[in-house]
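Have a look at the structure below, then the notes.
The values are calculated or read from the model by the stated rules, or taken from the named source; none is laboratory data. Worth saying up front: this structure is predicted, and the values here are computed from it rather than measured. Using ideal geometry, Cβ is built from the backbone for each residue, glycine included, and neighbour counts are taken over all protein chains shown. Remember, those area values only see protein heavy atoms, side chains included, never the ligands or the DNA or RNA. Shrake-Rupley method; radii C 1.70, N 1.55, O 1.52, S 1.80 Å.
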Number of protein chains: 2
Amino acid sequence: MCSFLLKRMDWNESEQIIFYIFLSMSFKTKITFEYSHLQIGIDANHIKLPNTATEAEVSDLCITALNENPAVHGFIVQLPLDSNKPINTEKITNAVAPEKDVDGLSSINAGKLSRGDLGDCFIPCTPKGCMELIRQTGKELTYLLKTNGSSDIEISRSYMPKPIGQLAKEIGLISEEVELYGQTKAKVLLSALKRLKDKPDGKYVVVTGITPTPLGEGKSTTTMGLAQALGAHLHQNVFACVRQPSQGPTFGIKGGAAGGGYSQVIPMEEFNLHLTGDIHAITAASNLVAAAIDARIFHELTQTDQALYTRLVPLINGIRQFSDIQIRRLQKLGIRKMEPTTLTEEEMHKFVRLDIDPTTITWQRVLDTNDRFLRSITIGQSPTEKGFSRTAQFDITVASEIMAVLALTDGLEDMRRRLGRMVVASSKTGEPVTTDDLGVTGALTVLMKDAIKPNLMQTLEGTPVFVHAGPFANIAHGNSSVLADKIALKLVGQEGFVVTEAGFGADIGMEKFFNIKCRYSGLQPHVVVLVATVRALKMHGGGPTVSAGVPLPKEYTEENLQLLANGCSNLSKQIQNARIFGIPVVVAVNVFKTDTEAELDLVAQMAKEAGAFNAVKCTHWAEGGKGALALAQAVQRASQAPSHFKFLYNVELPVMDKIRIIAQQIYGADDIELFPEAEQKIILYTKQGFGNLPICMAKTHLSLSHDPERKGVPKGFVLPIRDVRASVGAGFLYPLIGTMSTMPGLPTRPCFYDIDLDPVTEEVNGLF
Amino acid sequence: MCSFLLKRMDWNESEQIIFYIFLSMSFKTKITFEYSHLQIGIDANHIKLPNTATEAEVSDLCITALNENPAVHGFIVQLPLDSNKPINTEKITNAVAPEKDVDGLSSINAGKLSRGDLGDCFIPCTPKGCMELIRQTGKELTYLLKTNGSSDIEISRSYMPKPIGQLAKEIGLISEEVELYGQTKAKVLLSALKRLKDKPDGKYVVVTGITPTPLGEGKSTTTMGLAQALGAHLHQNVFACVRQPSQGPTFGIKGGAAGGGYSQVIPMEEFNLHLTGDIHAITAASNLVAAAIDARIFHELTQTDQALYTRLVPLINGIRQFSDIQIRRLQKLGIRKMEPTTLTEEEMHKFVRLDIDPTTITWQRVLDTNDRFLRSITIGQSPTEKGFSRTAQFDITVASEIMAVLALTDGLEDMRRRLGRMVVASSKTGEPVTTDDLGVTGALTVLMKDAIKPNLMQTLEGTPVFVHAGPFANIAHGNSSVLADKIALKLVGQEGFVVTEAGFGADIGMEKFFNIKCRYSGLQPHVVVLVATVRALKMHGGGPTVSAGVPLPKEYTEENLQLLANGCSNLSKQIQNARIFGIPVVVAVNVFKTDTEAELDLVAQMAKEAGAFNAVKCTHWAEGGKGALALAQAVQRASQAPSHFKFLYNVELPVMDKIRIIAQQIYGADDIELFPEAEQKIILYTKQGFGNLPICMAKTHLSLSHDPERKGVPKGFVLPIRDVRASVGAGFLYPLIGTMSTMPGLPTRPCFYDIDLDPVTEEVNGLF
């Protein structure tokens, strides 16, 4: 712990200076000194000022109160952002007088503050002693720059995030558009998009990767590092957009994901846990649909048409009336009647009976918990369910179609439409049964009304980040939300950058980003950043297997140019995959400390030979945004290069043709082979009118082929299509190439053994 | 829509006047004019002011900007709360010049503003035209008074809540203690309790009821009405504390609970849906425990001791180390070793094997969804679980022991202890297996770290409300949180009131409030408010059955003094039940429009004869706080009366004796009868060291006896105790008197048929 003293001094009348006062660890009290009129606005009632005090007296009282308050451990001095005059930085730094504890203070003096006319300095303290932590100045934002720490959570904690309301203001949101969720998270209302609709979009950059090892190659970290570099270091307007991680795996093997090292979203515990409850809302909405399906089957099985009708359209104060959702069902059935008493018995029968075929139910219950014992269950075994039991399963929440809907929707009305057209089963006559048929559309929309608003957080350096939606990257499209990207593109302005991340390698996440996400959003991408590591390329070149939790074989820790050169085939193929869409590719080589210069140079050289716009080394994990400066500059240049974005296929093509195009052109397959189940489903979906949906391939991410063992660029294979499913609400068909696990389990020693909360400091330990 | 004009006028230099500007429907922009120093702080950047403007110019510019801004539809003029001088109200009302549209404006003029020296007026507009909606002044709070509406949700929506940050400030919270969740909800940090620990507590009032009909008798509504009366009408400091409702039933039969009519918590859709995610956190935490249990059983069944040990205490960078939670397990086992390599084979065996007996598992998975098909299920049927399937069930989330822990804890450290000592099963040798044995204590605490903070909302009239925790009232104790009550008691101060609600009738909710909640909190209750209705008393007197959704028989809608007089036996017994604890009882007769004066008088008379301190008629449903004025005055007087609070039983008594005392003294049973299973459990729990826990009876709430059909005051019955269970973390044993359903279902036509979101106005429809 340490304290600072503020000296009384004579401020220039025209300067407006804001002091942020830190009480213990939290950013809670803001004291505003606006010296033009000596305004003292105090959020907390710590300092009482008499109305009659003179300007000088007020100033002295405040400064004394701050100095004497043992809870005040540090402060920011933020100079006005829109002042026309140069600021007398020396006067300000002189006001920050280290008369008690001086740890870390000296370094903030004029050196930083004299950098420009919009100087800004920042002096917080951590509970473990006072660390140097300097804010520098971007264009209109304040940034937090590098400190020291060892684990990701320690690094995350050693930075004190800006109050999220301040960040919202810095990026041009107005207060009506922001709902604070505490001090570090906020929801951004869709009204922002409406207000900014006529503004041009910024540059749209997608981060993807080569075919990864099971350890991951650092896409999230690179997304954060690139955004940090564009922001705090190149002073561009920038936004990073990422998926919200599932909470379940946080307590299983994985232990959280928020980037890593000095390129993270903070606070990482908020990012990895409940956030603002979006995933919980999806759990509630998904399970309401599931409960409605089984309850409806049960009630239909145990009641006559007349009893069902009397209950579905009840007499209230002597009157029977259809609800709106029932009128929609009547219209769908071709019954043009509004008066419940006029339905014929035949019409009543059609109206009351969804007649769901239980064997066709594709809708699953979900939990955001790694619970392997729910992978296959029998439900309905209580005597109250009268023997109508059936086999069912739970998936992890992020596998819910509602998550994919959230990620692809462009507004409340569109979300309501999508939530209503989700197909949950077929009737016994082969008609699709939708959520709207179940009567649940409105309730789902109500449950999702807050989840649709993107969540604003920040990187370690204070760059804005949207964390919104996290659909699975195999059975769904694996990209963060269209809405977050759209709002971010407006906020950064025409010259700004939005860096968005696509799940898995370029053959999966990027292909879906272009063919599904961009198709629905109508947005034009400008640059592909393709992340590669020497480690993964060596694996593709024939190196031994890499597994999480097992030490790396020496092939990966010692120079081996031959293995690397062989493996670059995968990099080349993925570069070509991106080029098919007409977008320039910048390769980011995520450097590990065991990589040699010769290895790194070889990767860069081979990337350029394969058609990359550029290929650069990145050290943002260890150095923050500074380590991704070369990448940021390459992205800036690539964004100016000509691009000719085009989709890979026309959605009007037959389903089989669309699948074949992806398999041949992206994966390099000779052909596809349809299993009988897949063939039947294609016929069914085409008949039901879903044949024109884009394709979302459910394939392993560990190989370009369907076999995770085949590394590099597999040749001479026929891609087996075992089955095809439909996410009609989200808007895609997903062919199943292998068995996709949709419910992870807990290992013998789950992460939770190390996770704890210190009841005194309230710090979360062990999340990494 | 309508607009108002502000006239420029000469303000007194010493007056500080705050204008709240309403942009459309939301309370988003606040413009602060502090005329002592002419400070203009503008949240949204709507009005740009040059630095060089004079005071008069600035004032003119602001007023012009407001007048010309089509988005500004109304404003509050709030006079300073702590000014010593009388305010020139005329000057202020003159500034509010209705030069354009004048709907609803005339009535606010001096009539209201001249009421006192702390005047306050409020003129908002709703999208459906301009309604009169006046703020009046309480002691330090601003209150919102009556408007018009028909359904509960319409009434709820027709009031515009105060910004929750304003309410937090009005009740004396400092900004470090408040985390906003949007504009209408906030979490209050436990640091508030620490800051106020030396302040005396206010008066503690518990609202309970007679044995209810299935329709409910209006306890929540009375809780709100009483708080509103004490606040806006009697100008006392007051807080209402209620449970958070389960979201599941909102979409089933019930459709939400937030009080009703003009005595509600607003906004009711926020109250009834996700709120701030506390119940979702409990779902996540409960299911993590369940997943950990089955995963552990699975891993123990499929691995040798050595393999388990190697995985549980893994080699990391060449070193094996126990985690903190593993050291606690070693201590519990009596193994005093810290060095993993020194354990004997025998010790290793004891350490790695929890040896859970699957037939003894009492921990259930939970969902906040009415899903009847999950009442009994078989889990573990996927081939990956190798045949280790078992029968299990899902409960509704509020039935989780973690909910009861949340409601009874008094701080983070205590919650962590309780979460660790929850017993989930017995080992094959009969030892209790706890959550701490599973290694999951810390993770549970981390998941619950935000849920522990009470949620601040407000009534229709602007009275503060804590909404926090909602344990079941049968298998748990059915009371809102100890922490919310504790913080509220400090905030209202010695002369203030905290009105807290207990679930079900006095024989259940109130008995548990005293014997469980007050025992753990150490708080001293002052007054019992017992809610009764003529309808329910007639039912107890022998009236026909009352069911939800079925029209009331004429016995209930026409005067029938005989039936009523017979039924008052139940009221008398419940009054006596409260008197056993030594606390004065005020009977609140919740008036329905069909009740006659003679009926209401009879109830009041019989209540007083039975020993009630007072009995008064209440019309707060129709009239808001005004309708509970007599009740509030009676409560004020009762709180001054002498009281001698005592528990019903000593926890050191044998379990059977404690159960018998409750059965005989509260229910009026002749005796109790233990079923063999109950007897065995009492022996087991006593042996395991849990015999000294208080008792939480799981009995029907529809009769004083165990038979819901026996109304009035049943005599000559023996209470059957079918089984006994333990919630060791929460801290009680719960004898099962009947079959308690812990998972509701969906009816043929669930509420969700009528629930929808208007995608344009974003209003939620159909929640009531």
*Chains B and A, summed buried accessible surface - 1.4 Å probe, Å², nearest 100*: 8700
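Taking a 1.4 Å probe, which of B:Asp601, B:Asp507 shows the most accessible area, and what order do the others take after it?
B:Asp601, B:Asp507
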_Residue-averaged beta-carbon neighbours from other chains (10 angstrom radius) around A:714-722_ = 0
_Past the 20 angstrom mark, what percentage of all C-alpha to C-alpha distances in region A:655-736 do you count?_
30
*For A:Gln393 paired with A:Glu346, estimate the spin-label separation in nm (one decimal), with each label point 7 Å from Cα along the Cα-to-Cβ line.*
4.1
*How are the C-alpha pair distances of region A:546-649 spread across 5 Å bins, as whole percents from the shortest bin up?*
2, 12, 18, 20, 20, 15, 8, 4, 1
*asked:* Let me understand region B:689-733 better: what is its radius of gyration from the alpha carbons, and its Dmax, in angstrom?
replied: 13.2, 38
*region B:655-736 - accessible surface per residue (Å², probe 1.4 Å)*: 38
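Loop only per DSSP, at most 12 neighbouring Cβ atoms within 10 Å: give me the GluC sites (Glu not before Pro) in region B:594-677, ordered by residue number. Intermediate results must be reported in sequence, preceding the final value.
On the way: sites: B:Glu597, B:Glu599, B:Glu609, B:Glu623, B:Glu652, B:Glu673, B:Glu677; in loops: B:Glu652.
Sparse-neighbourhood loop GluC sites (Glu not before Pro): B:Glu652.
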*Solvent-accessible area, 1.4 Å probe, carbon plus sulfur percent, for region A:279-448*: 50
*So if R0 is 56 Å, what FRET efficiency would A:Gln664 and B:Glu677 give, r being the distance between their Cβ atoms, rounded to the nearest 0.05?*
0.25
*Ratio of region A:279-448's C-alpha Rg to 2.2 N^0.38 Å, to two decimals?*
1.09
*In this model, which of B:Lys428/B:Lys699; A:Lys219/A:Lys538; A:Lys203/A:Lys517; A:Lys646/A:Lys711 are farther than 23 Å apart at the alpha-carbon?*
B:Lys428/B:Lys699; A:Lys646/A:Lys711
*Of all GluC sites (Glu not before Pro) in region A:479-526, which ones are in loop regions per DSSP and have a Cβ with at most 16 other Cβ atoms within 10 Å?*
A:Glu495
*In nm, to one decimal, how far is the modelled label at A:Leu301 from the one at B:Asp707, with both set 7 Å along Cα→Cβ?*
3.4
*asked:* Just checking the output field for A:444-453: average partner chain Cβ neighbours within 10 Å of each residue's Cβ?
replied: 5
_Dipole axis of region A:388-526 (+1 Lys, Arg; -1 Asp, Glu on Cβ), positive-most option in A:Thr391, A:Phe513, A:Gly430_ = A:Gly430
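Given the Cα-Cα distance of A:Lys337 and A:Val760 and 0.36 nm per residue of separation, how much length would full extension add, in nm?
Extending this stretch completely gives an extra 145.7 nm.
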*Give the accessible area for A:Ser158 in Å² (nearest 10); use a 1.4 Å probe, count only protein heavy atoms, and leave out ligands, DNA and RNA.*
10
*What spacing in nm lies between the two simple spin-label points modelled at A:Lys646 and B:Asp198, each 7 Å away from Cα in the Cβ direction?*
7.9
_Ordered shortest first, which distances in nm separate the 7 Å Cα→C-beta label point of B:Pro551 from those of the other copies?_
8.4
*Quick one: putting +1 on the C-beta of Lys and Arg, -1 on the C-beta of Asp and Glu, what dipole do you get for region A:655-736 around its Cα centre, in Debye to the nearest 20?*
200
*What FRET efficiency comes out for the pair B:Ile580/B:Asn692, r = Cβ-Cβ distance, R0 = 30 Å, nearest 0.05?*
0.85
_Cβ neighbours within 10 Å from other chains - mean over A:172-185_ = 5
